[in-house]
Amino acid sequence: MLSVYNWENGGLKETLELSSSCWINLADPTTAELEKVLSFSQVPRDFLTDPLDREERPRFENEDGVSLIIVHVPYPVRGEEDDESVLPYETIPMGIVLFGKSVITICSIATPVVSAFLDQIRRVCPPGEQNRFTARLLWHGAVLYLRYLRDLHAKTENLEDSLHESISNEVLLKLLTYQKSLVYFTTSLKADNILMSRIDHARQLNLTEDDHDVLDDAAVEYQQALETASIHANILNGAMDTFASLINNNLNNVMKYLTVATIFLAVPTLITSAFGMNINLPFVDDAGNPWVFWLLVAISVGISGVLGGLFYYLYKKRLF
């Protein structure tokens, strides 16, 4: 999809015409749209094709006065109807191309960074101010990281509450999807922070003091997002290890109670099996004594009662 925005009356207005000072946004573009933008901008072809590679790493390039910035931005993967085995968030490369007095953004999906940028009127500036325009785009990418990290943290805490008494793997598998998202975030943010430092020292961009200030704001947000993601990842790793141990402990408790029940059932089974063979029962004369059966039952119950008292004593002493 190709969208073009011109600066009119203090804001960005979508238009159909490409101009000398505009913002061109490409989201999952077709070949015809790429050729149209290439014909207009005359930028190197790989500057528009490289960001479409989902494995492309963040970097800064400059060629013949045209600059390319590739940054990793977050996006939600899971829809409202998707199950929780799907990753909630992932990261994807977004390219920012600076040429003449215009800016091109290109991504293989409709990234939420663009929509967030358009919604924040106070942080939008003319595309002709390329450096500030780019810094504010980057700032919105960092803010999205922080927003999604807060959402991941809230969802993780909700799942932790259900793990205390659970012996199921389902909740752990859900936590694993959040852990994967944090791995993507942490890896991408480390590369993004290196990129921010590279941009800040890039002589080809001719940054002014005001540009440095805006870029520093974005760099601070990326650093904060990296630290937050690292903290959440470490907490989640420790929590998953702890809850895995809790699940094993809960399972051991269940097995313990089943073992006790088996012992209680084994006592009468053992006694009745012994006297159920073709042998003479004790206290039985030729005429037979009908109370012998109840005597054996009483012996079984008595032994079971003694075992029950022993287990109760060990339980109260926390020895069992």
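Listed highest first by mean packing, meaning other Cβ atoms within 10 Å per residue, what order do 220-227, 9-16 come in?
Numbers: 220-227: 18.1, 9-16: 10.8.
So the peptides 220-227, 9-16, ranked by packing, come out 220-227, 9-16.
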In whole Hz, what ³J(HN,Hα) sequence does segment 43-54 give by Karplus (6.51, -1.76, 1.60; θ = phi - 60°), x for Gly and Pro? 8, x, 4, 5, 5, 9, 8, 4, x, 7, 7, 5
On C-alpha positions alone, give me the angle between the axis of helix 209-275 and the longest principal axis of the chain, in degrees, nearest 10. 10 degrees
Give me the accessible area per residue for the chain, probe 1.4 Å, as a whole number in Å². 55 Å²
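Between D200 and A154, what FRET efficiency comes out of the Förster formula 1/(1 + (r/R0)^6) with R0 = 35 Å and r the beta carbon distance, rounded to 0.05? Before the final figure, lay out the partial values.
On the way: r = 33 Å, r/R0 = 0.94.
That gives a FRET efficiency of 0.60.
Among 60-72, 38-50, 235-247, how do they line up by average Cβ neighbours within 10 Å per residue, starting with the highest? Present the calculation step by step, with values, prior to reporting the outcome.
Numbers: 60-72: 18.6, 38-50: 16.2, 235-247: 14.5.
Packing order, densest peptide first, comes out as 60-72, 38-50, 235-247.
State the extension gain, in nm to one decimal, for the chain segment bounded by R147 and R57, taking 0.36 nm per residue of separation less the distance between their alpha-carbons. Mind showing how you got there, number by number?
On the way: separation 90, 0.36 × 90 = 32.40 nm, distance 2.27 nm.
Full extension of this stretch gives 30.1 nm more.
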Heavy atoms only, probe 1.4 Å: what % of the accessible area of the chain goes to carbon and sulfur, would you let me know? 55 percent
Lys pairs under 23 Å by Cα in the chain, provided they are eight or more residues apart or on distinct chains: 8
Rounded to the nearest 10 degrees, what's the angle between the helix 170-200 long axis and the longest principal axis of the chain, both from Cα atoms, 0 to 90? 30 degrees
Using θ = phi - 60° and Karplus 6.51 cos²θ - 1.76 cosθ + 1.60, couplings along segment 24-40 (whole Hz; Gly, Pro as x): 10, 10, 10, 10, 6, x, 7, 4, 5, 5, 4, 5, 5, 5, 4, 5, 6
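The values are calculated or read from the model by the stated rules, or taken from the named source; none is laboratory data. Nothing here was measured: the structure is a model prediction, and the numbers come from that model. Cβ sites come from the backbone with ideal geometry, for glycine too, and all protein chains shown count toward neighbours. Surface accessibility is based on the protein's heavy atoms, side chains included, excluding ligands, DNA and RNA. Shrake-Rupley method; radii C 1.70, N 1.55, O 1.52, S 1.80 Å.
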